[in-house]
Structures are given as structure tokens and as C-alpha cells.
Amino acid sequence: MNMHANKGINVSFCRTVVQLVKSNNMRKRQVVVRREEPQRSVRSVKYGECQKNHAANVGGYAVDGCREFMASGGEGTSAALTCAACGCHRNFHKRQVETEVVCECSSPPSNGT
């Protein structure tokens, strides 16, 4: 049983290590070392509107209005990198990365006090 659970301290993100260390005067001392566990995160990537400038060769600026990347083929094929809506490569679409922190911990049950 975790000795900190009775005091209401959540220690699910850290690991406590007790070491016996000899000090300069040769006495043994207990040293408590707390290390934080690395947090796990899940990243998902979504490709939004197309940003390819179709008028760059004439010195202008015009985009085609494609709002979201849709793959032309199955994953693992070369067609998976081409947009079915506008025909552009996936790199022309705005990349949006969403990161979610995953907590795989269990807090001690609350007794209502």
C-alpha cells in the first residue's frame, strides 16, 4: 500500500526510490529520490484547406477553395498522398496536429472526508 495514499497525496505520476547512502562521516542515511514518470501523449494529424497558389506562374495569388484533404487511394499507395477533391499533393494542405495527454493512473478512492 502506498504510504502517501492515506494523506491524500496523489503520487501516480512519480516514482519514489529509497536509497541507502554513505555520507562523508561514514554514516548510513536514507535518501528519498522522486522521479517523474514520462507522460504519454497521442498525436493525431489532420490536413485542412489547400494552400497551393495556382496563379504563382503569372505573379498572382489564387487558391482553389478545397477545404479538407481527402486521400484518393488506400493507405500505403502513392494515391494516398493525392487529394481526391483538388488533385494537389498532401503537402499543399494545411497540417493540423492535435496532441492529447493520456493518463494511465488510478487515484485512491475518496472516502468523503
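Structure data summary
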{"read-out": "Shape of region 40-101, Cα gyration tensor, a/c cut at 1.5", "value": "oblate"}
{"read-out": "Only Lys, Arg (+1) and Asp, Glu (-1) charged, at Cβ; region 40-101 dipole about Cα centre in debye", "value": "160 debye"}
{"read-out": "DSSP-assigned coil residues among GluC sites (Glu not before Pro) in region 45-89, each with at most 10 further Cβ atoms within 10 Å", "value": "E75"}
{"read-out": "Region 42-65-region 74-104 distance, computed between alpha-carbon centres (Å)", "value": "14 Å"}
{"read-out": "Cut-off 17 Å, label 7 Å out along Cα→Cβ of K46, residues of region 71-99 by amide N", "value": "71, 93-99"}
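Rule-based calculations on the coordinates, nothing more; no lab input. Keep in mind that what you see is a predicted model, and the values were worked out from it rather than measured. Counting neighbours? That spans all protein chains shown, and the Cβs are built from the backbone with ideal geometry, glycine included.
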